[in-house]
1. Output the number of residues of the stretch 71-81 satisfying the condition of being outside any helix (DSSP H, G or I) and farther than 15 Å from Cys12 by Cβ.
2. Which ones in the stretch 30-70 are within 16 Å of Cys87 (Cβ to Cβ), outside any strand (DSSP E or B) and modelled with pLDDT under 95?
3. Just checking, how many residues over the stretch 71-89 are at pLDDT below 80 and either surrounded by 19 or more Cβ atoms within 10 Å (Cβ to Cβ) or among the aromatic types (Phe, Trp, Tyr) (or both)?
4. What residue, among those in the stretch 16-56 that are touching a residue at least 24 places away in the same chain (Cβ under 8 Å) and small (Gly, Ala, Ser), is surrounded by the most Cβ atoms within 10 Å (Cβ to Cβ)?
5. Report yes if Pro16 is more than 20 Å from Cys97 (Cα to Cα), modelled with pLDDT of 90 or more and touching a Cys at 6+ places or on another chain (Cβ under 9 Å), otherwise no.
6. Has the stretch 15-26 got at least one residue that is among the charged types (D, E, K, R) and not in a helix (DSSP H, G or I)?
7. Scan the stretch 1-15 for residues that are hydrophobic (A, V, I, L, M, F, W, C) and surrounded by 11 or more Cβ atoms within 10 Å (Cβ to Cβ) and jot them down.
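The values are calculated or read from the model by the stated rules, or taken from the named source; none is laboratory data. All values derive from a computational prediction rather than experimental measurement. Note that each Cβ is placed from the backbone with ideal geometry, even for glycine, and that neighbours are counted across all protein chains shown.
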Amino acid sequence: MKSATFEIEGFCSCCPPAEEVLAALRDLDFRPDFSLDALSFPDSVALAPMPAQYFYEGPCGVGVIYLAGVDPEGKNLPFHSSRFWICAQMCVHWGCCGWKVQQRAVSVLAGRWRYSLWRDGQSRKHLTIDGRGYPLIPGWWRTLSTCRV
């Protein structure tokens, strides 16, 4: 069975508390995997502070990373106060649930914190979120519809 990793990045104009993010994801059967506390460095070190990071594991191997603050690597990133990554293994057949779980996670996060900008993690192209909150991913359905189970 073929599979590929598909990553969606979300840039949020607000910085929701980690507890709210966890509550939203728990409704989708995600659980906390691990977290990293925020790091700050002395002025003598030329490193930007690193916001807290939260890692969640969901059904079908879907993972969510929440960066609770501005990405210090973000010189060429869209404006944001926090950032999400939602990664899924996309199996190339209809029986795989990873893409469905990923869509549901994006839908919930985009619906809860509306001022988010979503983009494909590989091509950096912006994704349109449809009326239900699902990302419209170019070529996704074409790939899935040509598969044989």
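1. Of the residues in that region, 2 qualify.
2. Hits for the stretch 30-70 are Gly58, Pro59, Cys60, Gly61, Val62.
3. Here the count works out to 1.
4. Among those that are touching a residue at least 24 places away in the same chain (Cβ under 8 Å) and small (Gly, Ala, Ser), it is Ala24.
5. no
6. No - not one qualifying residue is present in the stretch 15-26.
7. Passing the criteria: Ala4, Phe6, Ile8, Phe11, Cys12, Cys14, Cys15.
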